[in-house]
Amino acid sequence: MSTMPAPIDATTTPEWAALMAHHDELVQSGFHLKDAFAADPERVAKLSYDMDDLHFDLSKNLMDDKTVGLLCDLARAVGLEERRDAMYAGEHLNTTEDRAVLHTALRRPASEVGTVFDGEQDCVADVRAELDRMYAFAERVRSGEWKGVTGKRIEHVMSIGIGGSDLGPVMVYEALKPMADAGVDCRYVSNIDPNDMAEKVKGLDPETTLVIVVSKTFTTLETLTNAREAKTWLLETLRAQGAIDGSAEKDAEAIRKHFVAVSTALDLVADFGIDPENAFGFWNWVGGRYSVDSAVGLSLIIVFGPERFEQFLAGFHDLDEYFQKTPLEKNVVALLGLLNVWYVNFWGAESHAVLPYNQYLHRFAAYLQQLTMESNGKSVRWDGTPVTSATGEIFWGEPGTNGQHAFYQLIHQGTRMIPADFIAFVNTPNPTKDGDQDVHELFLGNYLAQTKALAFGKTADEVRAEGTAEWMVPARVFEGNRPTTSIFGIDLTPHALGELIALYEHITFVEGTVWGLDSYDQWGVELGKQLAKQITPAFHDDEALAAQDASTQALINYYRAHR
Ligand code: F6P
């Protein structure tokens with residue numbers, strides 16, 4: 001039994017009741033963003049925040065002068081600040097696994113070595129020591145000193161992992177691509193669907209490829225299956241190319257020079273046949289979906305270099321410090337988490353769109369889906385009791401402007417409220433002109449146009465004034481009053497990206513705290529894993545087939561009939 005005190009039921013607090021009354025008041029008074037802007041020339045100034053590389057405009061959210069105060073009251077009532085400090089100090093917030101939640105220690109600077117977190121462990125010393133090992137290894141690969149079995153330098157990394165051992169590295173690799181400077185590219189294999197591996201090895205020369213197997217537990221079916229496949233591919237292709245002779249010694253040498261691993265289970269890495277010298281560790285106080293800034297980011301250190309990885313870590317740390325030290329009412333990180341609660345629990349929002357206006361962030365929403373939904377998609381609280389309100393909204397999104405030509409219709413005119421974060425950067429590494437038109441400005445014009453349209457809409461009279469036939473007017477009206485947050489960065493640097501990721505980590509934490517959740521376990525993925533093990537033999541085994549439910553049996557029979 002965990003010693004963590006039971007969560008406070010937010011829904012029974014006077015602060016929750018006050019927010020409920022506030023919501024009803026806004027609805028009954030016909031709150032509309034258009035009126036709110038007209039009534040208060042200071043609205044934008046009051047609801048704008050700056051945090052280092054990022055500027056936040058919250059003014060197009062459904063809130064008035066009272067909302068921030070009431071949300072902060074609720075945060076205090078559920079002990080948000082105490083819980084944040086407890087997390088940073090290494091208390092075991094992950095109750096069902098009895099673990100500390102210390103991803104913030106991954107990015108503490110070397111000057112903090114010696115500070116004890118998690119009861120007795122000097123986590124920062126451990127982190128810095130492992131970073132030094134990774135930096136030294138990465139420099140050897142980047143400089144060409146690390147050679148493959150035939151003496152060639154490494155030009156490709158194949159990183160094998162899934163979930164938190166894949167989504168973060170892929171997302172960051174894509175986001176920072178213009179900064180790749182070592183002549184090394186990276187391919188990420190995650191799916192157990194053989195199509196993934198088949199496509200990723202196309203055109204890949206094993207003589208110049210380094211495989212990184214990334215798995216926190218080193219037991220994940222997909223990753224271990226793919227790692228074995230990669231081993232077979234590497235050895236067989238090298239043999240076919242005449243690069244190795246098929247002797248056990250040469251095979252072992254090839255594995256040593258082309259395979260490294262990242263895990264918390266270094267004993268299992270050794271069992272797999274990877275030299276412990278070539279293994280990089282992290283700790284069970286780092287959740288998989290909070291691990292991109294640990295050894296899980298090894299591929300990134302190779303591609304972008306230790307210096308940029310340090311800037312990336314500094315971005316996380318700066319945001320961690322801001323979140324911890326800024327009073328709630330001014331703390332945009334806390335406010336964004338609280339606003340999400342506001343929309344889910346008081347306005348009935350079921351999903352939240354994240355819409356980066358930056359093609360390099362095209363995997364950002366996919367990354368956030370694991371971070372937010374594996375963390376807060378729960379129906380019981382950290383003491384095992386049922387939740388008392390809706391939790392865990394669905395996060396989704398695609399880069400603009402592509403999304404504008406796909407699903408924005410529903411955000412503008414559908415029947416559901418979908419709060420949305422619009423993320424863009426002032427500068428682009430690829431400035432171009434179309435005639436006299438700066439294309440990036442054309443792009444940013446769209447970024448700004450969308451939040452404007454969502455907030456202020458277009459009235460029937462405005463539609464009529466365009467000469468629209470009367471029967472068609474309703475179809476062309478935009479009611480507006482649809483909430484958005486604009487996040488505007490200066491450049492998409494490693495530092496800014498670190499801040500952006502830490503921002504959503506803490507937003508997730510704030511929401512989880514109000515809902516009383518252990519945001520750091522993920523039992524919901526277990527049943528499917530167990531059942532897959534039982535079902536797989538049934539493709540060929542009649543006894544296993546007979547043990548299945550009627551629908552599964554029918555589907556397997558269909559498979560048997562058509563294969
Ligand atoms: O999907 C469940 C999960 O445990 C995730 O939380 C984790 O990120 C992923 O699987 C991969 O796990 P591992 O890093 O242990 O292979």
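Bear in mind that the values in this text are calculations on the coordinates, not laboratory data. Keep in mind the model is a prediction, meaning the values are calculated, not measured. Backbone-built Cβ (ideal geometry, glycine too); neighbour counts: all protein chains shown.
Can you find, among Gly392, Pro178, Gly242, the residue sitting farthest towards the positive end of the charge dipole of the chain, where Lys and Arg contribute +1 and Asp and Glu -1 at Cβ?
Checking the options against the dipole of the chain, the answer is Gly242.
Evaluate the charge dipole of region 140-261 about its Cα centre and quote only its size in Debye, nearest 20, assuming +1 on the Cβ of each Lys and Arg and -1 on the Cβ of each Asp and Glu.
320
Taking every pair of distinct Cα atoms and averaging 1/r, then inverting, what Kirkwood hydrodynamic radius in Å comes out for the chain?
That comes to 25.7 Å for the chain.
Given H placed 1.01 Å from N in the peptide plane, which residues other than close sequence neighbours of Cys186 have an amide H under 5 Å from its amide H?
Val157
Based on alpha-carbon centroids, what's the gap between region 254-308 and region 127-165 in Å, whole number please?
Comparing the Cα centres of region 254-308 and region 127-165, I get a distance of 9 Å.
If amide hydrogens are placed 1.01 Å from N in the peptide plane, which non-local residues have theirs closer than 5 Å to the one on Asn61?
Hits under the 5 Å cutoff: Thr484.
Could you pull out every one of the lysines with an alpha carbon less than 30 Å from that of Lys60, ignoring same-chain neighbours closer than 8 positions?
Here the lysines satisfying the reach criterion relative to Lys60 are Lys34, Lys46, Lys325, Lys330, Lys378, Lys452, Lys458.
What is the packing order of peptides 339-347, 442-450, 217-225, taking the mean over residues of other C-beta atoms within 10 Å and listing the highest first?
339-347, 217-225, 442-450
Quick one: what are the phi-derived ³J(HN,Hα) couplings along region 132-148, Karplus 6.51/-1.76/1.60 with θ = phi - 60°, whole Hz, x for glycine and proline?
4, 4, 5, 4, 5, 5, 4, 5, 5, 5, 4, 7, x, 5, 6, 10, x
With only Lys, Arg, Asp and Glu charged, each at its Cβ (+1 for the first two, -1 for the last two), find how big the charge dipole of the chain is about the Cα centre; round to the nearest 20 debye.
So the dipole magnitude of the chain works out to roughly 1060 debye.
Once you order the gyration tensor axes a ≥ b ≥ c over the Cα atoms, which shape class does region 1-90 get: rounded for a/c under 1.5, otherwise prolate or oblate by comparing a/b with b/c?
Taking the square roots of the gyration eigenvalues as a ≥ b ≥ c, region 1-90 is oblate.
Roughly what angle does helix 550-562 make with the longest principal axis of the chain, taking Cα atoms, 0 to 90 degrees, to the nearest 10?
Approximately 50 degrees, to the nearest 10.
Along the positive direction of the dipole of region 49-173 (beta-carbon charges: Lys, Arg +1; Asp, Glu -1; about the Cα centre), which of Tyr135, Tyr49, Gly119 reaches farthest?
In region 49-173, that residue is Tyr135.
Which pairs break 27 Å Cα to Cα here: Lys216/Lys250; Lys152/Lys216; Lys147/Lys200?
Checking Cα-Cα distances, Lys216/Lys250; Lys152/Lys216 exceed 27 Å.
Along the charge dipole of the chain, pointing to its positive end and built from +1/-1 on Cβ of Lys, Arg, Asp and Glu, which listed residue (Asn427, Leu336, Gly512) has its Cα farthest out?
Highest projection toward the positive end goes to Asn427.
Quick check: residue separation of Thr326 and Lys529 times 0.36 nm, minus the Cα distance between them. What number comes out in nm?
The Thr326-Lys529 span can extend by a further 68.9 nm.
In whole Å, what three semi-axes, largest first, describe the equivalent ellipsoid of region 482-562 built from its Cα gyration tensor (square root of 5 times each eigenvalue)?
Ellipsoid semi-axes (Å, largest first): 46, 18, 13.
Given the C-alpha centroids of region 16-37 and region 80-116, what is the distance between them in whole angstrom?
Spelled out, the Cα-based centre of one part sits 37 Å from the other.
Could you pull the Cα extents of region 94-206 along its three principal axes, largest to smallest, in whole Å?
That gives 49, 35, 28 Å along the principal axes, largest extent first.
Helix 248-258 versus the longest principal axis of the chain: what angle, 0 to 90°, nearest 10, using Cα atoms?
It works out to around 30 degrees.
As a footprinting exposure proxy, order Asp318, Asp436, Asp383 by other Cβ within 10 Å, with the fewest listed first.
Asp436, Asp383, Asp318
Full-extension gain between Glu441 and Lys152, please, as 0.36 nm times their residue separation minus the C-alpha to C-alpha distance.
99.6 nm
Once you put a point 7 Å from the Cα of Tyr558 and another 7 Å from the Cα of Ser29, both along the Cβ direction, what distance in nm separates them?
5.5
What is the Cα centroid distance between region 178-193 and region 365-413, reported in whole angstrom?
27
Where does the chain land at 222 nm, in deg cm²/dmol rounded to the nearest 500, when only DSSP H runs of n ≥ 4 count, each adding -39500 (n - 2.57), divided by all residues?
-13500 deg cm²/dmol
Mind checking the dipole of region 410-481: about its Cα centre, +1 per Lys or Arg Cβ, -1 per Asp or Glu Cβ, Debye to the nearest 20?
Using only the charged Cβ atoms, the result is roughly 240 debye.
Report, in degrees rounded to the nearest 10, the 0 to 90 angle that the Cα long axis of helix 526-535 makes with the longest principal axis of the chain.
It works out to around 50 degrees.
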